[in-house]
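Notes follow once the structure below has been shown.
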Number of protein chains: 2
Amino acid sequence: MSCSSSISMEIADKETSQDNIEQVELLSGVYDHYDGVIVEMKEAMDPKEFGSLLRASLSQWKQLGKRGIWIKLPIELANLIEVVVKEGFDFHHAERNYLMLVRWIAETTNSLPANASHRVGIGAFVMNSNRELLVVQELSGIFRGSGVWKLPTGVVNEGEDICEAAIRELKEETGVDAEFVEVLAFRQSHASYFTKSDLFFVCMLQPCSFDIQKQASEIEAAKWMPIEEYADQPFVKENSGFDYVAKICLAKANDSYIGFSAKPAYSASGKRTYIYSKLEI
Amino acid sequence: MSCSSSISMEIADKETSQDNIEQVELLSGVYDHYDGVIVEMKEAMDPKEFGSLLRASLSQWKQLGKRGIWIKLPIELANLIEVVVKEGFDFHHAERNYLMLVRWIAETTNSLPANASHRVGIGAFVMNSNRELLVVQELSGIFRGSGVWKLPTGVVNEGEDICEAAIRELKEETGVDAEFVEVLAFRQSHASYFTKSDLFFVCMLQPCSFDIQKQASEIEAAKWMPIEEYADQPFVKENSGFDYVAKICLAKANDSYIGFSAKPAYSASGKRTYIYSKLEI
């Protein structure tokens, strides 16, 4: 998906003209590794003029053997969306400020990658030396007013490491500083957020401070609670998912459990990643 | 985010009229758990008429103390997008056939949930009784033509369990049937797919069949390869991420490693989930 080639469509245009094919103005785009073209619209344009350019460009790209055509429209150019849809494009994904549309123009089977499918969350398992767990009650959501004490939880941002998100969310919700230790377990669930799936990582953190300053906007109450008392809550015992996670936390508290620690590594393209595993090297 | 309430806007309208406030036609919507309204447009409408209805509805929803307003437009109604944007809405997410727009109308801080942020993939670690690993060479992507032998990999679909996706992808790419054993490790990387992050789970599978029938469209070659030979490939040794994963696979092959197995459980809302952990109960 990355646009490593910066060949613009003007070059394709020039090559074509050498073959005595009529020279037409085309949309500017970059080529990707998968015989795709990515067009990022930045300037306003008359919808009719844009439609003509798009049609001419599609014809040219087909001749060049391109397969997937991507058009990125900033929200300011929402008036061009209808034109792109009329040329056979589907929506691919959208972020706050832009919409990405895509069309497969090859004769071969469509091999376009799917949209992002998962939201990722963390739960923080934080225990002090008295075997007390840091727990919260939330101001909104399905547990509001239920009296259930929960692990502090939060959403991992796009581009954020799980181990960093756990530390950040714990600090935001409770004011407690901590260091990441391990991922103890994770849960995958579905249709949890519109149609999207959810991955939730239970992270063990070692607290470095103990004074609680709860977040006013999201947290009703926060306290240190004996771990056995947490695990004995009727709600926890009655819900297999919560009960199982509580048992994992108890096993960890009793030193009879090793989770996945985080090891920095580099991907094939040189990006820094974290690999979570049990292997110590 | 789930729409558990089916109270339509007609009811709000009726209550309002009892208070002698002028009765106006409003958009139909459902209320959610977070003081939100979700409007799903299904029928074509004149953009101007739609704009008037939307403005009247926004005013009404504000009076009712609503906070987040969601408008879902199917791709066939792309001509209405511009109208919604002009009323101060942002894009939230898009799938192939629809666009979701959202606007925060309360005075309080915007607490709208973020869009799905991650794509999820699997790599299949499959070994036969001769300590041979099932490996592939891919037809496209950055490894095309490199001669590098890799674990079979694939994308986990929205709504699909990681343990099921690993079995499916292995079967699709190589024709080999297998059973899920464990998640050995996972890797999180960023900006791997437009701006999205990526979670990649290395799954151990136990093969039930051994004849290879490679997928014509994606796989250049597939074979059983001694695991040490796989781990000794220069590319693997030179790339810390690949090298570390190979070491985990070797540790597993030598019976000195336990990953996270999958245990079915139920969420608080009664949905079937899987929890992946090392705890045997």
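The values are calculated or read from the model by the stated rules, or taken from the named source; none is laboratory data. What you see is a predicted model; the values in this text were computed from it and never measured. Reconstructed Cβ throughout: ideal geometry from the backbone, glycine too, with neighbour counts over all protein chains shown. Each accessible area value is taken on the protein alone, full model and side chains, heavy atoms only, with ligands, DNA and RNA left out. Shrake-Rupley method; radii C 1.70, N 1.55, O 1.52, S 1.80 Å.
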- Query: Is it the case that region A:175-186 has a residue that's aromatic (Phe, Trp, Tyr) and within 11 Å of chain B (Cβ to nearest Cβ)?
  - Reply: yes
- Message: For region B:216-233, give me the residue count where each residue is open to solvent by 40 Å² or more (accessible area, probe 1.4 Å) and more than 7 Å from chain A (Cβ to nearest Cβ).
- Response: 9
- Message: I'd like to check something: does region B:146-162 contain any residue that is open to solvent by 50 Å² or more (accessible area, probe 1.4 Å) and of a type in the set (Gly, Ala, Ser)?
- Response: yes
- Task: Would you tally the residues in region A:166-222 being among the basic types (Lys, Arg), modelled with pLDDT of 95 or more and in a strand (DSSP E or B)?
- Result: 1
- Item | Enumerated strands (runs of 3 or more DSSP E) restricted to region B:53-105, each holding at least 2 residues that are in contact with a His (Cβ under 6 Å, 6 or more places away or on another chain) | B:98-104
- Has region A:183-191 got at least one residue that is of a type in the set (Lys, Arg), assigned by TED's automatic domain parsing to the domain that holds residue A:159, surrounded by 20 or more Cβ atoms within 10 Å (Cβ to Cβ) and without any contact (Cβ under 8 Å) to a residue 60 or more places away in the chain? yes
- Kindly indicate whether any position in region A:52-62 is within 13 Å of chain B (Cβ to nearest Cβ), modelled with pLDDT of 95 or more and crowded, with 16+ Cβ neighbours inside 10 Å. no
- Note on the structure: In region A:239-266, residues that are open to solvent by less than 20 Å² (accessible area, probe 1.4 Å) and over 20 Å from residue B:259 (Cα atoms) total 0
- Of the residues in region B:120-135, how many are farther than 30 Å from residue A:119 by Cβ and buried (at least 17 other Cβ atoms within 10 Å of the Cβ)? 5
- Condition check for residue A:270: under 24 Å from the mean Cα position of the chain (by Cα) and part of a loop (DSSP other than H, G, I, E, B): yes
- Message: Cβ-Cβ distance below 7 Å, separation of 6 or more or different chains: which pairs start in region A:269-281 with a residue that is touching a residue at least 60 places away in the same chain (Cβ under 8 Å) and facing chain B (nearest Cβ under 7 Å) and end on one that is open to solvent by less than 10 Å² (accessible area, probe 1.4 Å) and part of a strand (DSSP E or B)?
- Response: A:274/B:188; A:276/A:183; A:276/A:260; A:276/B:185; A:276/B:186
- Query: What number of residues in region B:115-165 are farther than 27 Å from residue A:155 by Cβ, at pLDDT 95 or above and outside any strand (DSSP E or B)?
  - Reply: 7
- Item | Residue count for region B:238-253, restricted to those that are basic (Lys, Arg) and either touching a residue at least 24 places away in the same chain (Cβ under 8 Å) or away from chain A (no Cβ under 13 Å) (or both) | 1
- So residue B:236, is it open to solvent by less than 50 Å² (accessible area, probe 1.4 Å) and not in a strand (DSSP E or B): yes
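Please find, among B:77, B:27, the residue that is more than 14 Å from chain A (Cβ to nearest Cβ) and either open to solvent by less than 50 Å² (accessible area, probe 1.4 Å) or under 23 Å from residue A:93 (Cα atoms) (or both).
The conditions single out B:27.
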- Which one of these is under 23 Å from residue B:119 (Cβ atoms), of a type in the set (D, E, K, R) and modelled with pLDDT of 95 or more: A:48, A:72? A:72
- Query: What single numbered condition from (1) within 8 Å of chain B (Cβ to nearest Cβ); (2) assigned to a loop (DSSP other than H, G, I, E, B); (3) more than 28 Å from the chain's Cα centre (by Cα) fails to hold for residue A:256?
  - Reply: (1)
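Looking only at region A:144-153, decide whether some residue is at positive phi and out of contact with any strand residue (DSSP E or B) (no Cβ under 6 Å at 6 or more places or on another chain).
Step one: filter region A:144-153 for residues at positive phi, giving A:145, A:147.
Next, only the ones that are out of contact with any strand residue (DSSP E or B) (no Cβ under 6 Å at 6 or more places or on another chain) stay: A:145, A:147.
Checking region A:144-153: at least one residue is at positive phi and out of contact with any strand residue (DSSP E or B) (no Cβ under 6 Å at 6 or more places or on another chain).
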- Note on the structure: residue A:139: passes all of (1) in contact (Cβ under 8 Å) with a residue 60 or more places away in the chain; (2) outside the structural domain of residue A:165 (by TED's automatic domain parsing) but (2)
- Taking region A:125-168 as the region of interest, how many residues are of a type outside the set (Val, Ile, Thr) and over 22 Å from residue A:231 (Cα atoms)? 10
- Those residues of region A:272-281 which are of a type in the set (D, E, K, R) and open to solvent by 70 Å² or more (accessible area, probe 1.4 Å), in sequence order: A:272, A:280
- Item | Single match in A:219, A:212, A:167 (criterion: closer than 29 Å to residue B:161 by Cα and β-branched (Val, Ile, Thr)) | A:167
- For region A:80-96 the number of residues that are in contact (Cβ under 8 Å) with a residue 24 or more places away in the chain and open to solvent by 30 Å² or more (accessible area, probe 1.4 Å) is 3
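Name the residues in region B:86-116 that are over 22 Å from residue A:191 (Cα atoms) and more than 7 Å from chain A (Cβ to nearest Cβ), would you?
To start, the set of residues in region B:86-116 that are over 22 Å from residue A:191 (Cα atoms) comprises B:86-90, B:103-110.
Those that are over 22 Å from residue A:191 (Cα atoms) and more than 7 Å from chain A (Cβ to nearest Cβ): B:86, B:87, B:88, B:89, B:103, B:104, B:105, B:106, B:107, B:108, B:110.
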